[in-house]
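Report on the structure given below.
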Amino acid sequence: MPNVSFAVPPAPPVARRVHVPVPGPEACARCRHFETVDGQGESWGACRRHAPVVAARGAGDLRGWPLVYAVNRCGDFDRAYDPPLTGA
């Protein structure tokens, strides 16, 4: 059997992203689970830390993520990063 060798090209360099914590005090606006609501500015948004909820209220049900003010804060705070972390 002939001795055959294959040249393996070197792997391309891996681009490393630097994730920088968003500065400022612990508040919903700086949490990775906070998402602003379209057309409402940045003063409030949805907290997506837990699954959406259904709450019976008056004439109908409220469905979705709880709405919070950007200056609120809770015990589940998880600082956002820029660029955002993925896969978590």
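The values are calculated or read from the model by the stated rules, or taken from the named source; none is laboratory data. As the structure is a prediction and not an experimental result, all values here were calculated from the model. We place every Cβ from the backbone using ideal geometry, glycine too, and count neighbours over all the protein chains shown.
Quick notes on this one:
- For the range 28-48, filtering for residues that are buried (at least 16 other Cβ atoms within 10 Å of the Cβ) and touching a Lys or Arg at 6+ places or on another chain (Cβ under 9 Å) leaves 6.
- Pairs with Cβ under 6 Å, 6+ apart, first in the range 57-75 and farther than 11 Å from residue 43 by Cβ, second modelled with pLDDT under 80: 62/55
- Enumerated strands (runs of 3 or more DSSP E) restricted to the chain, each holding at least 3 residues that are of a type outside the set (Gly, Ala, Ser) and at pLDDT below 90: 53-57, 60-64
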